[in-house]
1. Residues being part of a strand (DSSP E or B) and more than 25 Å from Val110 (Cα to Cα): count how many of those fall in segment 144-172.
2. Kindly list, by first and then second residue, each pair from a residue in segment 100-123 that is at positive phi to a residue that is in a loop (DSSP other than H, G, I, E, B), limited to pairs with Cβ atoms under 9 Å and residues at least 6 apart or on different chains.
3. Which strands (runs of 3 or more DSSP E) does segment 31-93 wholly contain that include 2 or more residues that are open to solvent by 10 Å² or more (accessible area, probe 1.4 Å) and within 12 Å of the ligand (Cβ to nearest atom)?
4. Any idea which of (1) touching a His at 6+ places or on another chain (Cβ under 7 Å); (2) over 25 Å from Pro58 (Cβ atoms) is the one Glu128 doesn't satisfy?
5. Could you list, in sequence order, the residues of segment 94-143 that are exposed (fewer than 11 other Cβ atoms within 10 Å of the Cβ) and either under 14 Å from the mean Cα position of the chain (by Cα) or assigned to a strand (DSSP E or B) (or both)?
6. Residue check: is Arg76 modelled with pLDDT of 95 or more, of a type in the set (D, E, K, R) and under 27 Å from Arg20 (Cβ atoms)?
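The values are calculated or read from the model by the stated rules, or taken from the named source; none is laboratory data. Because the structure is predicted, anything quoted here is derived from the model rather than measured. Every residue, glycine as well, gets a Cβ built from its backbone with ideal geometry; the counts of neighbours run over all protein chains shown. Ligands, DNA and RNA are excluded from the accessible area calculation, which covers all protein heavy atoms including side chains. Shrake-Rupley method; radii C 1.70, N 1.55, O 1.52, S 1.80 Å.
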Amino acid sequence: MTLTSTVTQLTTNQDLDPARLREAFGVFPSGVVAVAAEVDGTLTGLAASSFTSVSLEPPLVSFSVANTSKTWPDLRRAGHLGLTVLADHHSEVCRQLAGPVGSRFDGVPVTTSEDGAVTLDEGLARFECTVYREVEAGDHTIVILELHRVEHSGSALPLVFHRSGFGLSRPA
Ligand SMILES: Cc1cc2nc3c(=O)[nH]c(=O)nc-3n(C[C@H](O)[C@H](O)[C@H](O)COP(=O)(O)O)c2cc1C
């Protein structure tokens, strides 16, 4: 079997338009995290599938936030941020965390740390962190976070985001 028989090639600039790129990026499966904090007494946060581990010493992770985000300018002011790796039963919670700001945390059990980091009680892993560095990268900003506290649970499965939906899927 040759490579060209199974892969749609991206060869011209025309092919690199955002819609096609989004589709191509979407073949790579990822988990989803909730990034959240209490800011001025309000639960503030968003869902992000761009989470990745970065470094063990010092302990660093990252996610990318769109420069159009209305939430990040508030969130980045928080002393500490909570990161929660969502579980496979969190698809509705994930949509909620990406939806209207006023109801993102409705009915979602959360814990707020003394420093204001907010994590979801039913998450697979919970991290407490501070912003280590922000790197401008096109229409997103790569946010590198330093971890201060880590907790993870045993047996549940993660929420998987793939081809713009939840769970692994083959192309239609
Ligand atoms: C599965 C999923 C993954 C997402 N991943 C990201 C991400 O990595 N970065 C990002 O900026 N927004 C991501 N979003 C969108 C945000 O959750 C949120 O909707 C967006 O930031 C707009 O809200 P805001 O203006 O309050 O920030 C994702 C949404 C969903 C449903």
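1. Result for segment 144-172: 1.
2. These pairs meet every condition: Gly116/Ala78; Gly116/Gly79; Gly116/His80.
3. Working: elements: 33-39, 42-48, 52-55, 60-66, 81-85.
Fully inside segment 31-93 and qualifying: 42-48, 60-66.
4. (2)
5. Hits for segment 94-143 are Glu136, Ala137.
6. Numbers: modelled with pLDDT of 95 or more: yes; of a type in the set (D, E, K, R): yes; under 27 Å from Arg20 (Cβ atoms): no.
When the stated conditions are applied, Arg76 does not pass them.
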